[in-house]
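The next block holds one structure in the form of structure tokens; read it before the comments.
Bear in mind that the values in this text are calculations on the coordinates, not laboratory data. Quantities reported herein were computed from a predicted structural model and do not represent experimental measurements. Virtual Cβ from ideal backbone geometry, glycine too; neighbours counted across all protein chains shown.
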Amino acid sequence: MTKKILIVSSSLRGGSNSEILAREASRGASDAGHMVEFVSLKEKEIKFCIGCLSCQKTHKCVLKDDMADLIGKVQNADVIIFATPIYYYEMSGQLKTFLDRCNPLYPLENKFKDVYLITSAYDRSENAADRAINGLKGWIECFEQSRFAGCLVGGGVDAPKSALSREDLLKKAYEMGKNI
Ligand SMILES: Cc1cc2nc3c(=O)[nH]c(=O)nc-3n(C[C@H](O)[C@H](O)[C@H](O)COP(=O)(O)O)c2cc1C
């Protein structure tokens, strides 16, 4: 079955490793026949959630920025892949802000189901992304139709573009997309 897949890449730097892996996942998903939309948070204006909760009644955010458009993409998706660099053993602040700003969706019926994570980190250990996974699982738990579908832990990549020479990670990312 063809699915609508939204990929949200949250690294803001050029030559982003997590974005390189996310693009491989995109290629795999396209090859599998899915409809893929790739969004980078570079040059997007996404303010912090101010916690006013007016979105719980109006289903709209009082803040005027790029999130209005992005939240529509989340609503349209069947599957979401988030990509983040590991910062201090957590997800990037920009991804956390994106997740917080999805609060207008909290009282609604949503269709996105499988949610994946792609990470990149200097650290090679398999548990380097554990806190980021845990944080994302907290968000997923708040959307009952949704489930955590898997994480690619991209370890041992630090300098920009270093993921390009990591055949193992590129293959895993491609397979993630292909097997959705
Ligand atoms: C502010 C900051 C914090 C970081 N913290 C960690 C860390 O806790 N563990 C780690 O292994 N790498 C850490 N790194 C390295 C990045 O995770 C690594 O360079 C990654 O490949 C960056 O992904 P990107 O190219 O997609 O931005 C940190 C980098 C920055 C800039």
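Between E45 and R131, what's the calculated FRET efficiency when r is the beta-carbon distance and R0 is 25 Å? Round to 0.05. Write out the running numbers ahead of the final one.
Working: r = 27 Å, r/R0 = 1.07.
The computed FRET efficiency comes out at 0.40.
Restricting to the chain, what percent of DSSP beta bridges are antiparallel, rounded to 5? Show your work: numbers first, answer last.
Values: 1 of 27 bridges.
Of those bridges, close to 5 percent are antiparallel.
Going 7 Å from the Cα of K161 in the Cα-to-Cβ direction, what parts of region 20-39 have a backbone nitrogen less than 20 Å from that spot?
Answer for region 20-39: 20-25.
Which value in nm describes the separation of the simple spin-label points at Y122 and M1, placed 7 Å from the Cα toward the beta carbon?
Once both label points are built, they end up 4.4 nm from each other.
Given labels modelled 7 Å from the Cα in the Cβ direction, how far is it in nm from C142 to Y89?
2.4
Would you please classify the overall shape of region 1-85 from the alpha carbon gyration tensor, given that a ≥ b ≥ c denote the square roots of the eigenvalues, rounded means a/c under 1.5, and beyond that prolate means a/b larger than b/c while oblate covers the rest? Present the calculation step by step, with values, prior to reporting the outcome.
Values: a/c = 3.15, a/b = 1.48, b/c = 2.13.
Oblate.
Sum -39500 (n - 2.57) across every DSSP H segment of at least 4 residues in the chain, then divide by the residue count to get the 222 nm mean residue ellipticity, nearest 500.
On the way: 6 runs with 61 residues, N = 180.
That calculation yields -10000 deg cm²/dmol at 222 nm.
List the lysines whose Cα sits under 20 Å from the Cα of K4, skipping any in the same chain fewer than 8 residues away.
K73, K111, K113, K178
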